[in-house]
Amino acid sequence: MERLLAALATLISLTSLAHAEPLKVAISQRGFWDSSFVEFAEAAGFFKEAGLEVEPFYTDGGASTLTTVLSGSADVGLSNGLLGVIGAYMKGAPVRVISAQMTGAGELYWYARPESGIKSLKDAAGRTVAYSSPGSSSNLILLALLHQAAVEAKPLAAGGAPATLTQVMTGQIDVGWAAAPFGLQSILDGKIVVIARTTDVPELANQTIRVNVANVEALQGKRATIEKFMRVYARAIDWAYQDPRALEIFAQNMKLSLPIARKAVDEFYPKSGLQIGEIKGLDLTLKDALEYKYIASRKTAQDIAGLFDILYKP
């Protein structure tokens, strides 16, 4: 009887797997709190409950994430800089914004070595200042920070946060970028000093900086599946702020102590910034897109309304 029950359980499991809806998802910058929601959903069993088979893979963000979506290598791309997405759409790229991802982006900061003498961006004139990749949120925010500081620095696409830190510590780059919790222990140990944060530009607080996107062809063929994925994504965000297991998973994945992980979430990732149902501050984003040459002429929200296909509003 026990063997029969075990065989039936195996059969049910295989049948469920066979009927699971597959989805390829590209995620920017592995290891940050807001890039961990797919992992949280998997750990909590939400995908299995929803009948989804999600295949995640990670990129260095910005253009590298968007490229995988445009090429069809991924159905969905998470955490894309909205500037880069608008620029691609205006050139006819087959992409749609399916949700907001981060409004405010308060987790991003810029740093230097203490011995460099750089204490603020005003000290970075003529120096190299890193961001992740073209069209990323760190690209937009850096441009805004430099504009506010009235500094002529040398913005440089440096890739992911770990690679950037290596280049800063070896003197190849003067100012690095990172997102909490990456680098927090180095800050506490005095190995690096923070010289700028997103919060230094107050108008960014109510501006959607990053979005989640989908390939147009994927939306046509898998719309119901992608909508289901977004519902699970929203559920995972709620779970992450309610269940202590999320913080434990996060700390383990990042090899952090629980206090450092908690500090990162409490101080840098307010849940309100992770709302997915509304693209905020679009007029400001379009102004930035023109100023930073992501679009060739002035556009209104109505001009690019076709870019947005918000699948789920919690």
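The values are calculated or read from the model by the stated rules, or taken from the named source; none is laboratory data. Everything quoted here is computed from the prediction, not taken from an experiment. Don't worry about glycine lacking a Cβ; one is built from the backbone with ideal geometry, like all the others, and counts go over all protein chains shown.
See the values below:
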| item | result |
| --- | --- |
| Qualifying residue in segment 111-130 (condition: in a strand (DSSP E or B), touching a helix residue (DSSP H, G or I) at 6+ places or on another chain (Cβ under 9 Å) and among the charged types (D, E, K, R)) | no |
| Yes/no for Y89 being at pLDDT 95 or above, of a type in the set (F, W, Y) and not assigned by TED's automatic domain parsing to the domain that holds L146 | yes |
| Segment 66-102, residues that are among the β-branched types (V, I, T), in contact (Cβ under 8 Å) with a residue 12 or more places away in the chain and within 22 Å of A305 (Cα to Cα) | V69, V76, V85, I86, V95, V97, I98 |
| From G190, G281, residue being on the phi > 0 side of the Ramachandran plot, within 19 Å of the chain's Cα centre (by Cα) and in contact (Cβ under 8 Å) with a residue 40 or more places away in the chain | G281 |
| Pair list, Cβ under 9 Å, 6 or more apart: segment 152-172 residue in the same structural domain as K122 (by TED's automatic domain parsing) and within 19 Å of S120 (Cα to Cα), other residue surrounded by fewer than 20 Cβ atoms within 10 Å (Cβ to Cβ) and among the charged types (D, E, K, R) | A153/R127; K154/R127; V168/R113; M169/R113; M169/K191; G171/R113 |
| Identity of the residue in segment 257-284, assigned to a helix (DSSP H, G or I) and among the β-branched types (V, I, T), that ends up farthest from D34 (Cα to Cα) | I260 |
| Conditions (1) in the same structural domain as Q220 (by TED's automatic domain parsing); (2) outside any helix (DSSP H, G or I): number failed by F47 | (2) |
| Condition check for A205: under 20 Å from the mean Cα position of the chain (by Cα), more than 25 Å from T68 (Cβ to Cβ) and in a helix (DSSP H, G or I) | yes |
| Where Q242 falls short, out of the listed (1) within 27 Å of I141 (Cα to Cα); (2) assigned to a loop (DSSP other than H, G, I, E, B) | (1) |
